[in-house]
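Data block below; observations after.
The values are calculated or read from the model by the stated rules, or taken from the named source; none is laboratory data. Given the structure is predicted, the values throughout are model-derived calculations rather than measurements. With ideal geometry, Cβ positions are generated from the backbone for all residues, glycine too; neighbour counts draw on all protein chains shown.
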Amino acid sequence: MGKEKAIEILRKHFKALYDYAGMEWTDGDDEDLEQLVEELEEIIEEKTNFPESKNVL
């Protein structure tokens, strides 16, 4: 799964949570989500010793 696909899937789920809570999704939330995925990518790489090219994110 590519990084963009991970962002797409997470965005769908987070938007559903925001809707449930009566909150509005903003561009800032998109930026935060992208940063979160980048941080997760780094953690996965560190924990698995996978090179970035083979990382699941």
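Looking at the range 37-45, is at least one residue part of a loop (DSSP other than H, G, I, E, B) and modelled with pLDDT under 85?
So far as the range 37-45 goes, no, none of its residues is part of a loop (DSSP other than H, G, I, E, B) and modelled with pLDDT under 85.
Suppose we keep only residues that are within 14 Å of the chain's Cα centre (by Cα) and over 16 Å from Ile9 (Cα atoms) within the range 28-48. Which one would you say is surrounded by the most Cβ atoms within 10 Å (Cβ to Cβ)?
By that ranking, first place goes to Ile44.
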